[in-house]
1. Which residue pairs have Cβ atoms closer than 9 Å, lie 6 or more positions apart in sequence or on different chains, and pair a first residue in the stretch A:34-51 that is at the interface with another protein chain (Cβ under 10 Å from one of its Cβ atoms) and part of a loop (DSSP other than H, G, I, E, B) with a second residue that is among the aliphatic types (A, V, I, L, M) and surrounded by fewer than 16 Cβ atoms within 10 Å (Cβ to Cβ)?
2. Here's a check for you: in the stretch A:17-33, which residue that is part of a loop (DSSP other than H, G, I, E, B) and touching a strand residue (DSSP E or B) at 6+ places or on another chain (Cβ under 9 Å) is nearest to the other protein chains (Cβ to nearest Cβ)?
3. List the residue pairs whose Cβ atoms are under 6 Å apart, where the first residue sits in the stretch A:76-105 and is farther than 16 Å from A:Gly42 by Cα, the second is surrounded by fewer than 18 Cβ atoms within 10 Å (Cβ to Cβ) and among the acidic types (Asp, Glu), and the two are 6 or more positions apart or on different chains.
4. Quickly run through the stretch B:25-70 and pick out the residues that are in contact (Cβ under 8 Å) with a residue 40 or more places away in the chain and under 10 Å from the mean Cα position of the chain (by Cα).
5. Can you find a residue that is outside any strand (DSSP E or B), of a type in the set (Asp, Glu) and more than 14 Å from B:Thr106 (Cβ to Cβ) anywhere in the stretch B:72-79?
6. Run A:Ala101 past the list (1) of a type in the set (Gly, Ala, Ser); (2) within 12 Å of chain B (Cβ to nearest Cβ); (3) surrounded by fewer than 22 Cβ atoms within 10 Å (Cβ to Cβ) and report the number of the one that doesn't hold.
7. Checking the conditions here, which among B:Arg92, B:Arg77, B:Arg60 is of a type in the set (Lys, Arg) and within 12 Å of another protein chain (Cβ to nearest Cβ)?
Amino acid sequence: DVKVTQSSRYLVKRTGEKVFLECVQDMDHENMFWYRQDPGLGLRLIYFSYDVKMKEKGDIPEGYSVSREKKERFSLILESASTNQTSMYLCASSRDVIAEAFFGQGTRLTVV
Amino acid sequence: QKEVEQDPGPLSVPEGAIVSLNCTYSNSAFQYFMWYRQYSRKGPELLMYTYSSGNKEDGRFTAQVDKSSKYISLFIRDSQPSDSATYLCAMRGVQGAQKLVFGQGTRLTINP
């Protein structure tokens, strides 16, 4: 079974803090994604990566950056957390761009 | 206008009922259509994956795609309480296929 593991289920951070969300997949997938999920808005793509050290902006990259130093690990960074970044963050991976995406359990981030 | 529209519900039906979940979309370039199921406090998991128009059946689940109407459906027969979840439609084109566009999700409850 494909496993996508996010480092934290719940996080509470203060406004202005730098926040790191970590994601690891164990199936040697090329592609990794970060989404945020908000009520009424569904899942929105923040960033994705199709190879080590490669990254592409999604629909809502503002206020976020990413890092992919190793194939299995994809990190989402909130440079200076703000309250409007309170959300559920979901990491996903896929073998190729048209294969199904496998999701992690999600990290519920609250910024106070 | 959102690229993908999905009625967020909530939808509540008795056990054994036939459930119909629907999405409409505006981008005629979409070719791959998916339904994900998301249980509370979990990440989404793929339920059905279809390419272009037509029907696909898997047990109690049937996915339909009508590209002429830009309309996709998921039918659940003999619904069970364990089907209670949020159902998300998702779709992508061939160009820029890494961008999976999600609907808002429909929250479904099956009452015993």
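Throughout, read-outs are computed from the coordinates displayed, never taken from laboratory work. Since we're looking at a predicted model, the values are computed, not measured. Counting neighbours? That spans all protein chains shown, and the Cβs are built from the backbone with ideal geometry, glycine included.
1. Hits for this filter: zero, empty list.
2. A:Glu30
3. The qualifying pairs are A:Ala81/A:Glu17.
4. If the condition is that a residue be in contact (Cβ under 8 Å) with a residue 40 or more places away in the chain and under 10 Å from the mean Cα position of the chain (by Cα), then B:Phe33, B:Met34, B:Trp35, B:Tyr36, B:Arg37, B:Leu47 are the ones that fit.
5. Within the stretch B:72-79 (the criterion being outside any strand (DSSP E or B), of a type in the set (Asp, Glu) and more than 14 Å from B:Thr106 (Cβ to Cβ)), the answer is yes, since at least one residue qualifies.
6. Here A:Ala101 meets the rest and fails (3).
7. Criteria check complete, one pass: B:Arg92.
One line per residue, one yes/no per condition, for (1) in contact with a Lys or Arg (Cβ under 8 Å, 6 or more places away or on another chain); (2) of a type in the set (Lys, Arg); (3) assigned to a strand (DSSP E or B); (4) exposed (fewer than 13 other Cβ atoms within 10 Å of the Cβ):
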{"residue": "B:Leu21", "(1), (2), (3), (4)": "no, no, yes, no"}
{"residue": "B:Met48", "(1), (2), (3), (4)": "yes, no, yes, no"}
{"residue": "B:Asn55", "(1), (2), (3), (4)": "no, no, yes, yes"}
{"residue": "B:Arg92", "(1), (2), (3), (4)": "yes, yes, yes, no"}
